[in-house]
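The values are calculated or read from the model by the stated rules, or taken from the named source; none is laboratory data. Quick caveat, the model's predicted, so the values are computed rather than measured. Every residue, glycine among them, receives a Cβ derived from its backbone with ideal geometry; neighbour counts consider all protein chains shown. The area values use the complete protein model at the heavy-atom level, side chains included, leaving out ligands, DNA and RNA. Shrake-Rupley method; radii C 1.70, N 1.55, O 1.52, S 1.80 Å.
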Amino acid sequence: MNDILDFGLADLSPANDDSEEAMEALWTGDLTVLSQHHTTPNGSHSFVLAHDRSVTWGIPGEPQLVAIAVARDLRQSTFTFETSHHATASFAQNWLAERGCPLERIALHGGDYIKPADDLTLQVEQQIQKSGTRYEVLDTYTSDDNPSEAWTLVNDSQATQAPVRLFYEEWNHGAGTYTMREGAFPDVGVAQTWLDERSEPLPEPPEYSDHNGAVVRARIARIALSRSAGTSPTPQTGLDAPRASAAVPVQRAVQGRLL
C-alpha cells in the first residue's frame with residue numbers, strides 16, 4: 001500500500017471547469033492510496049484507486065472508494081481531472097479501465113489487503129472489471145458494522161431475464177477474506193425487499209443454471225488453474241497494451257474489507 005499521492009500538476013492548468021471543480025473537491029490528505037498507475041512517456045496519464053477516509057465521518061452507507069483519472073496535455077500545459085466514488089474495488093477498477101488503465105496495473109495484490117475467499121468471488125469481480133458500460137449503477141451501500149458488507153445495485157443491459165442485478169460483497173474479518181456474489185431480480189422493488197428482509201438466499205442469475213452455467217464453471221476453473229500456477233488471468237487492456245441510514249453521522253472503521 002502506498003500513502004503518497006502526487007499528481008505533479010503544479011505547472012499545469014485545468015483544461016475545463018469540471019476538472020478544476022473535481023480537483024478542488026478532493027482532499028488528497030484524506031486518501032489512502034490502494035493502487036496507482038502512471039503511464040509513459042512523460043507521465044501523460046495517472047490512475048488511482050484510493051480509500052477516502054473522510055467518508056467515514058459522513059452519512060452512513062456512502063461509498064468509501066474513489067477512482068481518479070488524470071490526463072495531462074504537456075504541449076498545452078493543461079490537464080483533465082475526473083473522480084468517481086464506488087462501493088467496491090471491482091466497480092472502481094472498471095471505471096478506470098474505461099478510461100484506459102490496464103486492469104493488471106490497478107489490481108490489489110498482497111500486503112495488508114483482505115483476500116478473496118474463493119474462485120467464484122474472483123470470477124464475479126473480473127466480470128465487473130471487464131464489463132465496460134454494461135451495468136448502470138442504481139444504488140450502493142457500504143457498512144462497516146454487522147454485517148460488514150458493501151453492495152452495488154445495477155441494471156444489466158445484457159440480461160434477458162431478471163435485469164436488476166445485486167453485486168453483494170461480505171467480509172469475514174476473522175478469516176481475513178471476503179466473498180462477492182451476484183444476485184438477480186425482476187425489478188428494483190424485489191431487490192430492495194431482499195435487502196430489507198434477507199429471509200432467503202441471494203437468488204442466482206438465470207444464466208447460472210442454463211447452458212451458460214458451463215461457461216461460468218469453466219471460467220472459475222481457469223481462475224483456479226492460473227492461481228495455482230502463479231499467473232494472472234486478467235488480460236492487458238488500455239494505454240499500455242433506497243438506503244438504510246443512522247440518525248446522525250458516525251465514524252466507522254476504515255475500509256475493513258480491504259485493509
Any hit, segment 45-68, residues being of a type in the set (S, T, N, Q), assigned to a loop (DSSP other than H, G, I, E, B) and under 30 Å from L195 (Cβ atoms): yes
Qualifying strands (runs of 3 or more DSSP E) (wholly inside segment 107-189; at least 3 residues being on the phi < 0 side of the Ramachandran plot, open to solvent by 30 Å² or more (accessible area, probe 1.4 Å) and of a type outside the set (V, I, T)): 135-143
Filtered residues of segment 21-31 (kept if surrounded by 14 or more Cβ atoms within 10 Å (Cβ to Cβ) and either on the phi > 0 side of the Ramachandran plot or part of a helix (DSSP H, G or I) (or both)): A22, M23, T28, D30
Selection from segment 190-217 of residues that are modelled with pLDDT under 85 and either among the hydroxyl-bearing types (S, T, Y) or open to solvent by less than 40 Å² (accessible area, probe 1.4 Å) (or both): S209, G213, V216
Output for segment 69-101, where each listed residue is of a type in the set (G, A, S), within 15 Å of D52 (Cβ to Cβ) and not in a strand (DSSP E or B): A87, A89, A92
Residue among L34, L49, L74, L65 that alone is over 21 Å from the mean Cα position of the chain (by Cα) and either open to solvent by 20 Å² or more (accessible area, probe 1.4 Å) or within 19 Å of A150 (Cα to Cα) (or both): L74
